[in-house]
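The values are calculated or read from the model by the stated rules, or taken from the named source; none is laboratory data. Quantities reported herein were computed from a predicted structural model and do not represent experimental measurements. Counting neighbours? That spans all protein chains shown, and the Cβs are built from the backbone with ideal geometry, glycine included. Surface accessibility is based on the protein's heavy atoms, side chains included, excluding ligands, DNA and RNA. Shrake-Rupley method; radii C 1.70, N 1.55, O 1.52, S 1.80 Å.
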Amino acid sequence: MNAAPAPPPRPAHPSFREAFWYWLKLGFISFGGPAGQIAIMHQELVEKRRWISEHRFLHALNYCMVLPGPEAQQLAIYIGWLLHRTWGGIVAGTLFVLPSLFILAALTYIYLAFGDVSFVQGIFNGIKPAVVAIVVFAAWRIGSRALKNRVLWAMAAASFVAIFVFRVPFPYIVVGAGLLGALGGKLAPDKFRVGGGHGASDKNYGPALIDDDTPPLPHARFRWAYLITLVAAAAILWGVTMAVLDDPVLRTMGEFFTKAAFVTFGGAYAVLPYVYQGGVDTYGWLTGTQMIDGLALGETTPGPLIMVVAFVGFVGAWTKEIFGPDALLLAGFVGASVATFFTFLPSFVFILAGAPLVESTHGKLRFTAPLTAITAAVVGVVLNLALFFGWHVIFPRATEAAPFSGGFEWFSALISIAAFIALWKYKQDVMKVIGACAAIGLVQALV
């Protein structure tokens with residue numbers, strides 16, 4: 001008999017330079033929304049490079065899912081911090097969003113300067129129905145992984161009814177789901193052992209640098225001095241930045257997007273209704289149609305989908321002409337930068353402050369059960385958001401008083417159905433689906 005092949009050696013610890021170039025590359029290729037970005041990181045960091053094991057990767061992800069903000073970017077911060085301490089986390093999280101900021105700012109300028117051109121409108125008329133399909137597909141993807149039993153299905157249904165029928169704010173849904181999960185972890189532990197919808201896998205890719213049995217790293221141990229220093233530094237950075245902003249529109253944006261970072265849970269799909277309400281209804285930075293267009297742009301660029309806040313900031317500063325009518329591009333870019341900075345600053349604090357505590361809970365059901373329940377609740381919220389955007393795209397002239405008035409957009413509905421089938425049945429790449437829908441919209445506009 002032939003001897004079993006020897007396992008591959010444990011990989012060497014990557015240098016800071018090597019990690020830097022990886023995180024920069026990730027910032028340019030992280031398409032596909034949270035699911036796609038997490039899959040890209042898993043394939044590269046767990047399967048190929050083996051910088052972190054499957055179970056440690058999923059444990060970090062479970063924590064990121066319960067936080068407000070983009071879980072994929074927060075996961076990058078977490079792993080960057082594990083590898084290279086605080087600066088590793090800061091670099092990983094910053095490079096995850098920086099390419100997207102510049103790309104989205106450039107596309108927003110083109111949209112505002114040339115958006116009334118028929119071919120641009122045609123492209124957007126094709127992309128927006130595709131976005132509806134992508135959000136529906138996101139609900140299906142999360143649900144297929146998270147809802148492993150009837151209890152979790154019931155929690156997802158209850159979450160949908162709460163937010164769709166009774167307009168319960170999502171933070172309350174998160175708290176309620178977390179409490180039910182904590183209780184369920186004690187009364188029916190088998191029902192809540194899924195692990196936040198990203199259940200542990202039995203696959204083994206070889207020994208990892210940070211493996212299941214790797215003891216806590218020295219910098220990963222909780223220290224009060226570190227926590228106090230971190231929170232103080234973040235508060236000073238926030239206060240200094242607010243003091244520098246001498247324009248009232250920019251200051252309002254700073255306050256609004258800080259609130260958005262703290263009070264919204266469930267990732268980008270859950271934060272969008274809050275941003276829509278503030279940006280469109282409260283402050284008038286942009287119109288409802290522009291908000292949908294911004295989401296379409298966000299789907300076509302790398303980085304987290306929550307980067308749509310950069311679009312909102314750009315359009316708001318441009319519309320309000322904060323630097324005068326002759327400096328619209330500068331105003332837009334500053335607005336986009338302000339929105340991005342204040343939206344993502346709390347994510348760094350959440351991870352760098354909480355990760356040492358999370359590392360000490362590895363494998364403990366009483367901590368993972370609430371995350372499993374919260375993920376189930378997120379499924380219902382994402383489905384609600386899919387209906388929200390579908391309504392705006394297929395009934396674009398309808399109102400809440402007359403939800404089905406203004407005519408039915410058959411063209412948009414057919415594109416949404418075709419895009420969903422391409423994603424669900426034929427497993428097509430998100431970018432290919434968006435590109436095809438954009439081409440269809442362009443042809444329809446020209447014809």
Complete set of residues in the range 250-260 that are under 12 Å from Gly279 (Cβ atoms) and either open to solvent by 20 Å² or more (accessible area, probe 1.4 Å) or over 25 Å from the mean Cα position of the chain (by Cα) (or both): Thr252
From the list Pro325, Pro396, Pro403, which residue is modelled with pLDDT of 85 or more and either in a loop (DSSP other than H, G, I, E, B) or in contact with a strand residue (DSSP E or B) (Cβ under 7 Å, 6 or more places away or on another chain) (or both)? Pro325
Contact list please: Cβ distance under 7 Å, first residue in the range 209-231 and in contact (Cβ under 8 Å) with a residue 40 or more places away in the chain and open to solvent by 90 Å² or more (accessible area, probe 1.4 Å), second residue in a helix (DSSP H, G or I) and not charged (D, E, K, R), pairs at least six apart or on different chains. Arg221/Pro356
Find the residue count for the range 240-250, including only residues that are within 24 Å of Pro70 (Cβ to Cβ) and in a helix (DSSP H, G or I). 3
I want to confirm something. Restricting to the range 143-159 and keeping residues that are part of a helix (DSSP H, G or I) and either among the basic types (Lys, Arg) or open to solvent by 50 Å² or more (accessible area, probe 1.4 Å) (or both), which single residue is nearest to Pro370 (Cα to Cα)? Val151
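Quick grid of which residues meet (1) at pLDDT below 90; (2) within 25 Å of Ala296 (Cβ to Cβ); (3) in a loop (DSSP other than H, G, I, E, B); (4) β-branched (Val, Ile, Thr):
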| residue | (1), (2), (3), (4) |
| --- | --- |
| Ala12 | no, no, yes, no |
| Tyr22 | no, no, no, no |
| Gly36 | yes, yes, no, no |
| Met41 | yes, yes, no, no |
| Leu45 | no, no, no, no |
| Arg50 | no, no, yes, no |
| His59 | yes, no, no, no |
| Asn62 | yes, no, no, no |
Just to be sure I understand the filter: pairs with C-beta atoms under 9 Å, separated by 6 or more residues or on different chains, first member in the range 367-387 and under 12 Å from Leu179 (Cα atoms), second member among the basic types (Lys, Arg) and assigned to a helix (DSSP H, G or I). Which pairs pass? Ala369/Lys186; Ala369/Lys191; Thr372/Lys191
Contacts under 9 angstrom Cβ, first residue in the range 103-114 being closer than 10 Å to Leu329 by Cβ and small (Gly, Ala, Ser), partner open to solvent by less than 60 Å² (accessible area, probe 1.4 Å) and part of a helix (DSSP H, G or I), 6 or more apart: Ala105/Ala310; Ala105/Phe311; Ala105/Phe314; Ala105/Gly332; Ala105/Ala336; Ala105/Ser337; Ala113/Leu328
The one condition in (1) part of a helix (DSSP H, G or I); (2) touching a helix residue (DSSP H, G or I) at 6+ places or on another chain (Cβ under 7 Å) that Leu179 fails to fulfil: (2)
Looking at the structure I just gave you, is Leu357 more than 25 Å from Arg167 (Cα to Cα), of a type in the set (A, V, I, L, M) and outside any loop (DSSP other than H, G, I, E, B)? yes
Boolean, Ala445 is in contact (Cβ under 8 Å) with a residue 12 or more places away in the chain, in a helix (DSSP H, G or I) and surrounded by fewer than 19 Cβ atoms within 10 Å (Cβ to Cβ): yes
Take the range 324-343 and flag every residue that is open to solvent by 40 Å² or more (accessible area, probe 1.4 Å) and closer than 16 Å to Ala234 by Cβ. Phe341
Take the range 409-441 and flag every residue that is part of a helix (DSSP H, G or I), more than 22 Å from Trp140 (Cα to Cα) and either open to solvent by 90 Å² or more (accessible area, probe 1.4 Å) or at pLDDT 90 or above (or both). Trp410, Phe411, Ala439, Ile440, Gly441
Just to be sure I understand, how many residues within the range 160-176 are surrounded by 13 or more Cβ atoms within 10 Å (Cβ to Cβ) and modelled with pLDDT under 90? 9
Those residues of the range 431-447 which are among the aliphatic types (A, V, I, L, M) and touching a helix residue (DSSP H, G or I) at 6+ places or on another chain (Cβ under 6 Å) amount to Val433, Ile434, Ala438, Ile440, Leu442, Ala445
Inspect the range 283-296 for any residue being among the aromatic types (Phe, Trp, Tyr) and in a helix (DSSP H, G or I) and give the result as yes or no. no
Consider the range 344-380. How many of its residues are open to solvent by 10 Å² or more (accessible area, probe 1.4 Å) and of a type in the set (Ser, Thr, Tyr)? 3
Reported set for the range 77-98 where residues are open to solvent by less than 10 Å² (accessible area, probe 1.4 Å) and within 14 Å of Lys25 (Cβ to Cβ) is Gly80, Ala92, Phe96
Could you tell me whether the range 107-122 includes any residue that is farther than 30 Å from Trp318 by Cα, modelled with pLDDT of 90 or more, open to solvent by 50 Å² or more (accessible area, probe 1.4 Å) and part of a helix (DSSP H, G or I)? no
Restricting the range 24-34 to residues that are hydrophobic (A, V, I, L, M, F, W, C) and modelled with pLDDT under 85, which is surrounded by the fewest Cβ atoms within 10 Å (Cβ to Cβ)? Ile29
